Every structure is written in C-alpha cells, then in structure tokens.
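The values are calculated or read from the model by the stated rules, or taken from the named source; none is laboratory data. Bear in mind that the values here come from a model prediction, so they are computed numbers and not experimental data. Ideal geometry is used to build each Cβ from the backbone, glycine not excepted, and the neighbour counts take in all protein chains shown.
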Amino acid sequence: MSNNDIKQFIIENVQKHPRDIAAYTATTKNISRQAVNRHLQQLIADGVLTASGKTRSREYALAVMAQSSFIFLLTPDAQEDVAWRDKVRPLLTGVPANVLGICQFGFTEMLNNAIDHSGGTIAMITVRYTADLIEITLFDDGVGIFNKIQQSFNLDDKRQAILELAKGKLTTDPKRHTGEGIFFSIRVFDTFSILSEDLYFSHQERDWLLEDGKGTEKNGKTFVTLGISPTSQRTMKEVIDRFEAGEEMGFSKTIIPVALAKYGDENLVSRSQAKRLLTRINRFREVIFDFQNVSTVGQAFADEIFRVFAQDNPDVQLTPIHMNVDVQHMYIRAINYVPPSQS
C-alpha cells in the first residue's frame, strides 16, 4: 500500500475518528502507529489537517483550505459565469481539471436557474473546500423551485415536481433552456440536494424525499447544495455519455427513481400513479425504472407501464432494475399478459 493510499484513508476517515484516527488507521491498514503518525504530521505540514489538544486528547480535523460566502444580485443582466470566474474559481486552487469542470457546470447551471426562474432578488453563495469535500451552497429568496414547477406545469402536488426533475428534460422556459442542467448536476456530483419549503430532495447513491414539515405555503426560497470529493475521477463526459442512447448525439436516456412517485407511505398500486410516473417519458428513447426502495407494486400499476404504455409507445425502450421478488412478479405478469379472445 502506497503512502498516498494511507494519506487518503486518513483524509476520508478523520471526521468520523477525530481522536482515534491513528489507532484506527494502524489497525485497519495493518501498519505501525509510528508510520501513521508520520503521515499525520506530513498532512498537518501540508495544510490538509489540523491538530489540537495534548497527546492523550489530541484531536485531528480536516483543515479548511478555502471558504467564502458572498451575495449575488439576481438582476436581469446578471452573469453566472462572472460569479464563477471572479468569486468561486479562485478558491479552488489545485483542484484537478475534471472536478473543476464539474464544479463550474453545477454552479453556473444552478445560479442561472435562480437568475432566470426564481423570481428572487438575491442569491447567497457559500463555498467550502477541504481535502475531502468541495461543497457549494446556493440560496435564493425566490418563489421556491417546487412551487415554480408545480404552477408552471399545473401539477396536483409539489412532490411531483421532484419526480419530474429527476426524469430530466424539464424546463419552464423551453426557448432558452434544455432542462438538462439539474438532471446532470444531480448525477455528476457525489451529493446533490434541494431544500424548498417543507420538501427536501437529495441524491447520494439513491434518490429520496424527506418532508420536514417546517415550511409554509407563503415561504418559498430554495437551498441547493452540491458536493464532490476533490479526488473524484468522474468527468462530465462520462456522465453525459451514460444518457446518450443510440448512435445519435443527445440526451435520450433517463433513469427514473420509482420511489419518488410515492407520496408518504402509500403503495404504488393504481393506474393514476403509473400515469404520473409516465408523464413526459415519451420524450426519451430509453427509460430505466429504478425500483430501489419499492417493496411492492399493484397489478394495475405494473400493467399500465409495462403493457399499456409499452404497446402504445414501441419506440421507447423500458427497462426495470433493482426489482425485488414481489415487484418482479408483477412485472412478469404485465409483460406476459394475453388479452381474452374477442371471438
């Protein structure tokens, strides 16, 4: 194991083990405490870690390599690229080009959304950079992203706005926007979250929805948080390529987290719920339904998607993934259904 591997292990685990990181690293990596201590001292000298307290109560933490907050006015002539170039980019010294590109994409897309769609007057932006995480937070005082989408698309419930965002190709201004910014930001960062009123949407390995009950209908506002490791090997091209189906270039493939179609603890059993899930998916050539965290579905729900819609839209390829036994049973029933003879 290389010295860099040991150092990276310390960086990734020091927040969970601030007082016993030396012992934890030595035990996990099967090296001596003396060797670990040498790495710790070097990380401190490099400005990556800080240490406080005496020997027995010594505590380590990730050093904040850069941090800044600033106010950005959401005027009609505001330019998100200027905010990136003048305020954010200078904080990310030493960040690899692939991660820098991801940060630039996510930041400018989210700030442009606030400029063009929020109806707000200001955005407050915070950037925090450590050896383990680059985190960018954008707050705007507008109408709230989920309110905006609900009103623009006449949705019955704000929660459906989250489902539509996850699908992609959603924009309230199709002449000026493609609807790809949030979709790709969700998937290119290690963590992505939106908090607006009482709805919280987060993507970190899986999509999920949490209602905290603290918001009010009169209070919009949107908080967007983007997070990525400075050592990530991911690239924008890699992520975009995953969603280009077929030989032609373009965003033609999507992954839909089916669990987002549920409201609260309800089960997915009806054709109406299926139709909500199917809204706009005929804009894609390939649709992957991710059934992670869906324990059961009804016969009508599965039939509406995998038989009725599939028959009506033969040019759209439908693929289910992460099905448990019960969901898979309903899927097989739907695709194998034979209508009764009309004779």
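Structure data summary
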| item | result |
| --- | --- |
| Hits in segment 45-62 (condition: loosely packed, with under 11 Cβ neighbours inside 10 Å and of a type in the set (A, V, I, L, M)) | ALA45 |
| Matching option when the condition is at pLDDT below 95 and not assigned by TED's automatic domain parsing to the domain that holds ALA161, among ASN324, ASN282 | ASN282 |
| Single residue of ASP86, ASP77 found to be modelled with pLDDT under 95, charged (D, E, K, R) and more than 22 Å from the chain's Cα centre (by Cα) | ASP77 |
| Near pairs, Cβ below 9 angstrom, 6+ apart or cross-chain, from segment 186-205 (within 18 Å of LYS169 (Cα to Cα)) to any residue that is modelled with pLDDT of 90 or more and in a loop (DSSP other than H, G, I, E, B) | VAL188/ARG234; VAL188/THR235; HIS203/PHE189 |
| Number of the exception - ALA23 against (1) under 24 Å from TYR129 (Cα atoms); (2) more than 32 Å from the chain's Cα centre (by Cα) | (1) |
| Any pair with Cβ under 9 angstrom, 6 or more apart, that starts in segment 165-185 at a residue that is assigned by TED's automatic domain parsing to the domain that holds ILE288 and modelled with pLDDT of 85 or more and ends at one that is surrounded by fewer than 16 Cβ atoms within 10 Å (Cβ to Cβ) and assigned to a loop (DSSP other than H, G, I, E, B) | none |
| For ASP241: the one exception among (1) under 30 Å from GLU12 (Cβ atoms); (2) of a type in the set (Asp, Glu); (3) in contact with a Lys or Arg (Cβ under 8 Å, 6 or more places away or on another chain) | (3) |
| Listing of helices (runs of 4 or more DSSP H) fully contained in segment 1-67 that carry 3 or more residues being in contact (Cβ under 8 Å) with a residue 24 or more places away in the chain and not assigned by TED's automatic domain parsing to the domain that holds THR93 | 3-13, 33-45 |
| So HIS322, is it free of Cβ contacts under 8 Å to residues at least 24 places away in the same chain, surrounded by 14 or more Cβ atoms within 10 Å (Cβ to Cβ) and not charged (D, E, K, R) | no |
| Selection from segment 68-89 of residues that are farther than 29 Å from ILE11 by Cα, in contact with a helix residue (DSSP H, G or I) (Cβ under 9 Å, 6 or more places away or on another chain) and in a helix (DSSP H, G or I) | GLU80, ASP81, ALA83 |
| In segment 256-265, residue surrounded by the fewest Cβ atoms within 10 Å (Cβ to Cβ) [restricted to those that are closer than 17 Å to ILE305 by Cβ and without any contact (Cβ under 8 Å) to a residue 60 or more places away in the chain] | LYS262 |
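Results for (1) surrounded by fewer than 19 Cβ atoms within 10 Å (Cβ to Cβ); (2) basic (Lys, Arg); (3) at pLDDT below 95; (4) in contact with a helix residue (DSSP H, G or I) (Cβ under 6 Å, 6 or more places away or on another chain), shown as yes or no for each residue.
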position	(1), (2), (3), (4)
GLY94	yes, no, yes, no
GLY101	yes, no, no, yes
PHE107	no, no, no, yes
ALA114	no, no, yes, no
THR130	no, no, no, no
LEU133	yes, no, no, no
